[in-house]
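A short reminder: the numbers here are calculations on the coordinates, not readings from a lab. None of the values given here were measured: they were computed from a predicted structure. Reconstructed Cβ throughout: ideal geometry from the backbone, glycine too, with neighbour counts over all protein chains shown.
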Amino acid sequence: MRLSKLRSLLAPFSFIYGTGVFVRNKLFDFNILKAEKSDIFTISVGNLSMGGTGKTQIAIYLADAFKDLKPCVILRGYKRKSSNTMQVLSSDINLYGDEAVEIFLKTKINVVVASKRIEGAKICKSLGSKLIILDDAFSHRYIKRDLDIVLIPANKSKDYLFPTGSLREPFSAIKRADAIIITRLESYQKPTLNINKPIFEAKTVFKGFLDKNFNYIDASSVKAKTFNIVCAIGDSQQFITFVRKLSNEFGFNINKIHIFKDHYDYKKQDLEPDKNYICTPKDLVKLRNLDYNVIAIDTSVDIPNLKDFIKQKYEAK
């Protein structure tokens, strides 16, 4: 079926979905649904799109940039097998979820999982945090934020509302944002955005190779080896492109590519034993316990001027 015809068929469902989103947002705008205020300076990192836009990577960037404020990251803990609001204290993905464990292992800062983010903020306050970072909270409006940052991937600057496209909210919702970050600029051209908001540009940069214990290994150890790529993330193609680039730079080979749905719960029979695998840190938190020969590609982001922008907002509070 042609894509244009499929979109026409799905358009009525997008209208119904969009009407629900519009009504919900108006209920918050008119204070019928109420947002609670935390006592701590709060930054929300979110997006309009479903799927991978680099939210967790930006949250980690902010946590590293403002370590002097003893930051605390709050996530929902997607697909965890618990429901309590709690601080992350181990690498138990069943208890906390894969993204929460990834942030915990990579940053060693305070991380909290909470379906109700305002409840998580209370734990952050008890831990002495002066900065809260909400991971994936643009549409979660039950907690007020001092700074609302929305990520727009460079390859998704034009899209349709779900289910016709991948938008959770229409682009008009961007008016609630205080700043925009364009992500994926290491792989795609910068789009033209007609948005009257501060716009920052983020490029993913290689940081190192991680072993199962999240320790860095010497880059020379991958030379001439053959790896299968494995990933279960929102934007697998972007990661595959990045790995291919690194394979040329560091002299390793790529054999097979294994792609699973985002947040997939890996099982031992999913992959072949005695092969070398290369993945994301988000995948590593799950694959590290399954007896595979696996390493992860660790990255960071370069976002000129963002730290100064946030610092000014924080000091002006």
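Here are the numbers:
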read-out	value
Most mobile of K225, K55, K70 in a GNM of the chain (Cα contacts under 10 Å)	K225
Mean Cα-pair separation over length for the chain, i.e. relative contact order, pairs under 8 Å, 6 or more apart, %	19
Relative compactness, the stretch 251-302, computed as alpha-carbon Rg over 2.2 N^0.38 Å	1.17
Cα-Cα pairs of the chain separated by more than 39 Å (percent)	12
Coil-residue trypsin sites (Lys or Arg not before Pro) of the stretch 94-152, DSSP, other Cβ within 10 Å capped at 11	K108
For the stretch 228-247 versus the stretch 196-222, the gap between their alpha-carbon centres in whole angstrom	13
Net length gained if the chain between F15 and H263 were fully extended (0.36 nm per residue, minus Cα distance)	86.5 nm
Highest-MSF residue in the chain out of V23, V73, V230 [GNM, Cα springs under 10 Å]	V23
I254 long-range amide H proximity, modeled H, under 5 Å	F227
Fewest-first sequence of L10, L27 by Cβ atoms within 10 Å of each Cβ	L27, L10
Estimated inter-spin distance, S115 and F30, nm [label 7 Å along Cα→Cβ]	2.8
Choice from N248, N94, N215 showing the highest fluctuation, given a GNM over the chain with Cα pairs closer than 10 Å	N248
Where only C-alpha atoms are counted, convex hull volume of the stretch 1-109 per residue in Å³	171
Per DSSP, loop chymotrypsin sites (Phe, Trp or Tyr not before Pro) in the stretch 5-70 with at most 11 further Cβ within 10 Å	F30
Relative contact order (percent, whole number), the stretch 205-300, Cα cutoff 8 Å, 6+ residue spacing	39
Share antiparallel - DSSP beta bridges, the stretch 107-255, percent rounded to 5	15
Free-standing Cys residues across the chain, given no other cysteine C-beta under 4.7 angstrom	C231, C279
Highest-first arrangement of 198-206, 285-293, where packing means the average Cβ count within 10 Å	285-293, 198-206
Computed label-point distance, nm, for sites R7 and I217 using a 7 Å Cα→Cβ extension	4.4
Inter-label distance, nm, simple model (7 Å from Cα along the C-beta direction), K37/K245	4.3
Least to most buried among S38, S166, S83 (fewest other Cβ within 10 Å first)	S83, S166, S38
Angstrom value of the Kirkwood radius, inverse mean 1/r, which spans all Cα pairs in the stretch 59-102	11.2
Proximal charge balance of K317 [Cβ under 15 Å; K/R count +1, D/E count -1]	+1
Cα-based shape type of the stretch 205-300, given that a ≥ b ≥ c are square roots of the gyration tensor eigenvalues and the cut on a/c is 1.5	rounded
Gain on full stretching of the segment that runs from Q189 to N293 - 0.36 nm per residue minus C-alpha separation	33.9 nm
Förster-model FRET efficiency, 35 Å R0, K275 and D302, C-beta, rounded to 0.05	0.60
On Cα atoms only, tilt of 117-126 relative to the major axis of the chain in degrees	80
Folded to 0 to 90 degrees: helix 55-65 orientation relative to the chain principal axis, Cα	90
Centre separation in Å (Cα based) which lies between the stretch 80-110 and the stretch 262-295	18
Antiparallel bridge percentage (DSSP; both residues within the chain; nearest 5)	25
Neighbour net charge for V101 - beta-carbon separation under 14 angstrom, K R +1, D E -1	+3
Ascending count of other beta-carbon atoms within 10 Å, so fewest first, for S14, S126	S126, S14
